[in-house]
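Contents: one structure, followed by commentary.
The values are calculated or read from the model by the stated rules, or taken from the named source; none is laboratory data. Treat the numbers as computed from the prediction; the structure is a model and nothing was measured. In this analysis, Cβ positions are derived from the backbone assuming ideal geometry, glycine residues included, and neighbour counts consider all displayed protein chains. Heads up: the accessible areas ignore ligands, DNA and RNA and are worked out on the full protein's heavy atoms, side chains in. Shrake-Rupley method; radii C 1.70, N 1.55, O 1.52, S 1.80 Å.
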Amino acid sequence: MQTLTVELEDRSYPINIGEGLLGQHSLLQAAVPARDILLVSNTTVAPLYAPAVKSALADRRVVEVILPDGEQYKSLATAARVFDVLVANRFGRDALVLALGGGVVGDLAGFVAACYQRGIDYVQVPTTLLSQVDSSVGGKTAVNHPGGKNLIGAFYQPREVLTDTDVLKSLPERELQAGLAEIIKYGMICDSAFFIWLEHNMAALRALDATALALAIHRSCQVKAQIVGRDEREQGERALLNLGHTFGHAIEAATGYVEWLHGEAVGVGLLIAARMSERVGGMPADDVARVEALLKLAGLRTAAPKIGAAKAAGYLSIDKKVKSGRVRLVLMKGLGQAYLSGDYPDAALQETLRESFGA
Ligand code: NAD
Ligand code: GLY
């Protein structure tokens, strides 16, 4: 097992990564030092992994809430259902929420923990690659609003992240690929050596090679933990973690959040960000070609839907990084050298949008 720490003074917490962690009773028992535990999972993940968790915690009072599976259930209505269970069971401030699932379960359970009795402990047990390398770390909790994704939420850190890489064996291939996009993102932001490592080890990752997976998850969490440790509330540097997301969100929104997985849209967004960076940031054309090649190696799509540049620009204008009416973009000077900027020629953005989304 490898352990990393997210350094946030009195709110620091460990990320434990390893094979078969859910089978190690003492680890789970130490991670959740509460008598009353609310286990939040969904109809897909619970039958696979809740029995192991419950068996490790047989000496506690574990109440389960099994949510329907799907992004559409990451809502206030679902959160209200979870609050009802906490109240009905008279759970107090010393209770703990254990999130067992992907980013949907983790974001919602974290949000519930942030609000219930003004904040109770929660632990993340992420079960998708995307949640293991991204959403379980950093304390962004939220539910969606009909008006937009993640509009209602809080920065609220877990007390531990327990990442068992064995659970990825049951993950559908498409979900695995979506997680690979977020891993590629970390190399592009600040670690060109990691990007090169990914170029050489993508096949091993897709074959679920345990050593390769452990390294990729560890390095991804390390990059994220360091950035979150410096900028927990996204006042600056944390925005770099959104590389590719501004364009990716346009794809997700334009296709109704059903056709593209988040990670798939981010993958294409990474390539569009690279093309824009070639135009305005001096990113070498060879680097852009390497991004496209690595996405293909990961089995990810590289062509955006032809929704048209104007429609794409409309989605960009409601991005969370808009400041004083200007869309700030995460761009790169080269692989591993990301920066945030609102200072780019509009014509370059228009050209990039036309090239990627069609006229
Ligand atoms: P998800 O939670 O919907 O999981 C994807 C699918 O895989 C679901 O059907 C799920 O039931 C299934 N699944 C999960 N683990 C499995 C396993 N081990 N075996 C078989 N099936 C399994 O999607 P996701 O990609 O994990 O997360 C996406 C969510 O994360 C979005 O809501 C997004 O907004 C959020 N997110 C949050 C952050 C953050 O910082 N908080 C970062 C990135 C994404
Ligand atoms: N997923 C981006 C962030 O946590 O900031």
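Checking the cross-link pairs K224/K320; K169/K323; K185/K306; K169/K321; K149/K296; K169/K333 against a 31 Å limit on the alpha carbon distance flags K169/K323; K169/K321; K169/K333 as lying beyond it.
Computed per residue of the chain from DSSP H runs no shorter than four, each worth -39500 (n - 2.57), the mean residue ellipticity at 222 nm is -14000 deg cm²/dmol. Of Y257, Y156, Y344, the order by accessible heavy-atom surface (1.4 Å probe, DNA, RNA and ligands excluded), from most exposed downward, is Y257, Y156, Y344.
Here T3 sits with roughly 80 square angstrom of accessible surface, probe radius 1.4 Å. Label-to-label distance for E7 and N89 is 3.7 nm, based on points extended 7 Å past Cα in the beta-carbon direction. Rolling a 1.4 Å probe across all protein chains gives H200 an accessible area of roughly 140 Å². Which of rounded, prolate or oblate describes segment 306-359 when judged by the alpha-carbon gyration tensor and an a/c cut-off of 1.5? It is oblate, given that a/c is not under 1.5 and a/b is not larger than b/c. Our note on the geometry: Cα centres of segment 256-274 and segment 16-80, 29 Å apart. Listed values for segment 63-72 are Karplus-derived 3J(HN,Hα) couplings in whole Hz (6.51 cos²θ - 1.76 cosθ + 1.60, θ = phi - 60°), namely 10, 9, 10, 9, 8, x, 8, x, 4, 5, and x replaces Gly and Pro. Shape verdict for segment 21-108, please, from the Cα gyration tensor: rounded (a/c under 1.5), prolate (a/b greater than b/c) or oblate. Note, shape of segment 21-108 comes out oblate.
Largest accessible area first, the residues Y13, Y49 order themselves as Y49, Y13 under a 1.4 Å probe with ligands, DNA and RNA left out. Look at the dipole of segment 1-156 built from charges on Cβ: of V45, G102, P68, the Cα furthest out on the positive end belongs to P68.
Heavy-atom accessible surface of C190, to the nearest 10 Å², is about 60 Å², with a 1.4 Å probe and all protein chains retained.
The dipole here belongs to the chain: it is taken about the Cα centre, uses +1 on the Cβ of Lys and Arg and -1 on the Cβ of Asp and Glu, and is about 660 debye. Using a probe of 1.4 angstrom and keeping all protein chains present, the accessible surface of the chain works out to 39 square angstrom per residue. Place +1 on the Cβ of every Lys and Arg and -1 on the Cβ of every Asp and Glu in the chain, take the dipole about the Cα centre, and give the residue among C221, V82, V167 whose Cα lies farthest towards its positive end. Going by the Cα projections, it comes out as V82. Once backbone amide H atoms are built at 1.01 Å from N, G101 has V125, T127 as its partners under 5 Å, excluding neighbours fewer than 5 places away on the same chain. Which of rounded, prolate, oblate describes segment 143-185, given a ≥ b ≥ c as roots of the alpha-carbon gyration tensor eigenvalues and a/c under 1.5 marking rounded, otherwise prolate only if a/b is larger than b/c? Oblate, because a/c is 1.5 or more while a/b does not exceed b/c. Cross-link reach is defined here as a Cα-Cα straight distance under 20 Å, omitting same-chain residues fewer than 8 places apart; for K311 the aspartates and glutamates meeting it are E252, E259, E264, D319, D346, E351, E355. The label-point distance for S26 and R81, in a model that sets each label 7 Å from Cα toward Cβ, rounds to 3.8 nm.
Projected label points at S341 and R354, each 7 Å from Cα along the beta carbon direction, are separated by 2.1 nanometres.
Farthest toward the positive end of the dipole of the chain, out of I120, Y315, A304, is the Cα of Y315, where the dipole comes from beta carbon charges about the Cα centre.
Got a number for carbon plus sulfur as a percent of the chain's accessible area, 1.4 Å probe? That fraction is 51 percent.
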